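Read the structure below first, then the notes.
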Amino acid sequence: MVGSGGREHALALCLARTAEVVVTPGNPGMAGTEGITVSPEPPEALGADLVVIGPEQPLVDGLADRLRADGRLVFGPGADGARLEGSKAFMKEVLVEARVPTARHGVFDDARDARAFLRELPGPWVVKTDGLAAGKGVFVTDSVAEAEADVAAKLSGERFGDAGRRVVVEEGLSGPECSLLVLCDGTRIAALAPASDFKRIGDGDTGPNTGGMGACSPVPVVDDRLVDRVLDEAVEPVVATLRRRGIDYRGVLYAGLILTAEGPKVLEYNVRFGDPETQVVLPRLDEDLTGLLAEAAAGRLRTEPRTARAAAVCVVLASAGYPEDPRTGDVIDGVEVAGTLEGVTVLHAGTALDAEGNLVTAGGRVLGVTATGPTLGAARDRAYAGVGRIGWPGMQVRTDIAAQAALDERAARSAAGAR
Ligand code: AMP
């Protein structure tokens, strides 16, 4: 397993149910867990039977290709497939070719052309960096002037360096959002349970975008029929288009969807497990994950993943100053106690041990407190009980993760009961 975040911690725990797992570089939360070893060695040196690559950057950089050339079985696309996430302009090109519903858009490296296009759109307006920006390169606004200023800041390189020197400008869509993680073996696909994540830093979806402040699964507004529709309209055609272009995609296709009045549309594709969606999808999976990923990596995906445990909620705890300027080195309290609560698992994302052996903050998103339960409401209560035990100076946490989803689920259950 390659990576060091909360997603990789969740993956490692799930893989360790049926495999001996080595994580590189890993994090202090994984070290010391039975069945999991943390190693500083590069992935090429580990001699693993199966390599699972967590983050997007090494995929975009061609790590999967290098390992495959060395004869390894790898779960994760090569650099050709990873361009879906490495370039939003390329992703849009594939969506258009595959006739997948998505927002009206244009791709620009010239501010004047971008401005002219912005003025054609009715608003709200969305400006995205073409390149990778850790989930922070998307700006959504009701002000065309703000959109123009953002285009200028991105294109100049001032805000996101080279990742922003080309931008995708698009119409703002509205509706509930959801993420669908789909395993792909180059031809066949198998969807995991839908999840939704919470991108803004503040309660009520306010403030800047982050890598994700929490997640929940299931998503009450997304039923099996809708999942099938998305697979038919938005995932199968993308896999077919990639194949037509000679791309043998073996890994996760992560569809970011928005459920508009006209039907589901794709906001984006990512090429790896979502973070923090993975932290709520995997605890619900009733399947041998190692076997599933090995099948996909070998081009022989046969198993249909079953979902058990009714619900899971993950609440992310972020450091002071995140997302602009995260502070590191604050001593974290309460992780062990939180992990003893019923249904609760504390996943490490940005932690380190200081010279005295204290667990300290070492990144923007520091911990994810995940809980399972018989309902979203119960899972949410358990997750927040865990959150209540943990603290450090300046810790940031949203108080409304999955609150609306828990209400929607309750309403749907009582409507079903009345029928
Ligand atoms: P992305 O990284 O493209 O998924 O964008 C991050 C977030 O920005 C999404 O989860 C949405 O909340 C928002 N967003 C992106 N594109 C649009 C759009 N066309 N309309 C409205 N919101 C959007």
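Out of 204, 157, report the one residue that is at pLDDT below 95, assigned to a loop (DSSP other than H, G, I, E, B) and on the phi > 0 side of the Ramachandran plot.
Details: 204 fails: at pLDDT below 95.
After applying the criteria, what remains is 157.
For residues that are within 25 Å of residue 160 (Cβ to Cβ) and open to solvent by 30 Å² or more (accessible area, probe 1.4 Å), tally how many sit in the range 56-78.
5
Which of (1) assigned to a strand (DSSP E or B); (2) within 18 Å of the chain's Cα centre (by Cα) is the odd one out, the single condition residue 12 does not satisfy?
(1)
For (1) surrounded by fewer than 20 Cβ atoms within 10 Å (Cβ to Cβ); (2) in contact (Cβ under 8 Å) with a residue 40 or more places away in the chain, each residue gets a yes or a no:
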site: 99; (1), (2): yes, yes
site: 107; (1), (2): no, yes
site: 115; (1), (2): yes, no
site: 134; (1), (2): yes, yes
site: 141; (1), (2): yes, no
site: 147; (1), (2): no, no
site: 159; (1), (2): yes, no
site: 174; (1), (2): yes, yes
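Under the condition of being of a type in the set (Asp, Glu) and within 13 Å of the ligand (Cβ to nearest atom), which residue from the range 128-149 is nearest to residue 55 (Cα to Cα)? First the steps, then the outcome.
Going residue by residue through the range 128-149, those that are of a type in the set (Asp, Glu) are 130, 142, 146, 148.
The next check asks that each one be within 13 Å of the ligand (Cβ to nearest atom); those that pass are 130, 142.
Working: 130: 18, 142: 32 Å.
Looking at the filtered set, the residue picked out is 130.
Select from the range 249-274 the residues that are on the phi < 0 side of the Ramachandran plot and out of contact with any strand residue (DSSP E or B) (no Cβ under 8 Å at 6 or more places or on another chain) and list them in ascending order.
Answer for the range 249-274, where residues must be on the phi < 0 side of the Ramachandran plot and out of contact with any strand residue (DSSP E or B) (no Cβ under 8 Å at 6 or more places or on another chain): 260, 261, 262.
Any residue at all in the range 75-82 that's more than 16 Å from the ligand (Cβ to nearest atom), part of a strand (DSSP E or B) and within 16 Å of the chain's Cα centre (by Cα)?
Applying the first criterion (more than 16 Å from the ligand (Cβ to nearest atom)) to the range 75-82 yields 75-81.
Next, from what is left, pick out any that are part of a strand (DSSP E or B): 75.
Remaining after also requiring within 16 Å of the chain's Cα centre (by Cα): none.
Within the range 75-82 (the criterion being more than 16 Å from the ligand (Cβ to nearest atom), part of a strand (DSSP E or B) and within 16 Å of the chain's Cα centre (by Cα)), the answer is no, since none of the residues qualifies.
Out of 243, 225, 229, I need the residue that is within 30 Å of residue 65 (Cβ to Cβ) and either within 13 Å of the ligand (Cβ to nearest atom) or open to solvent by 20 Å² or more (accessible area, probe 1.4 Å) (or both). Which one?
Numbers: 225 fails: within 30 Å of residue 65 (Cβ to Cβ); 229 fails: within 30 Å of residue 65 (Cβ to Cβ).
Testing whether each residue is within 30 Å of residue 65 (Cβ to Cβ) and either within 13 Å of the ligand (Cβ to nearest atom) or open to solvent by 20 Å² or more (accessible area, probe 1.4 Å) (or both) leaves just 243.
Please enumerate the residues belonging to the range 192-210 that are surrounded by 22 or more Cβ atoms within 10 Å (Cβ to Cβ) and in contact (Cβ under 8 Å) with a residue 40 or more places away in the chain. Give the derivation first.
First, pick out the residues of the range 192-210 that are surrounded by 22 or more Cβ atoms within 10 Å (Cβ to Cβ): 192-198, 210.
Within the range 192-210, 192, 193, 195, 196, 197, 198, 210 qualify.
The values are calculated or read from the model by the stated rules, or taken from the named source; none is laboratory data. The structure presented is a predicted model; accordingly, all values stated were derived computationally and were not measured. When we count neighbours, we look across all protein chains shown, and the Cβ atoms used for this are built from the backbone with ideal geometry, even at glycine. To get the accessible areas, we keep the full protein, side chains included, count just its heavy atoms, and leave off ligands, DNA and RNA. Shrake-Rupley method; radii C 1.70, N 1.55, O 1.52, S 1.80 Å.
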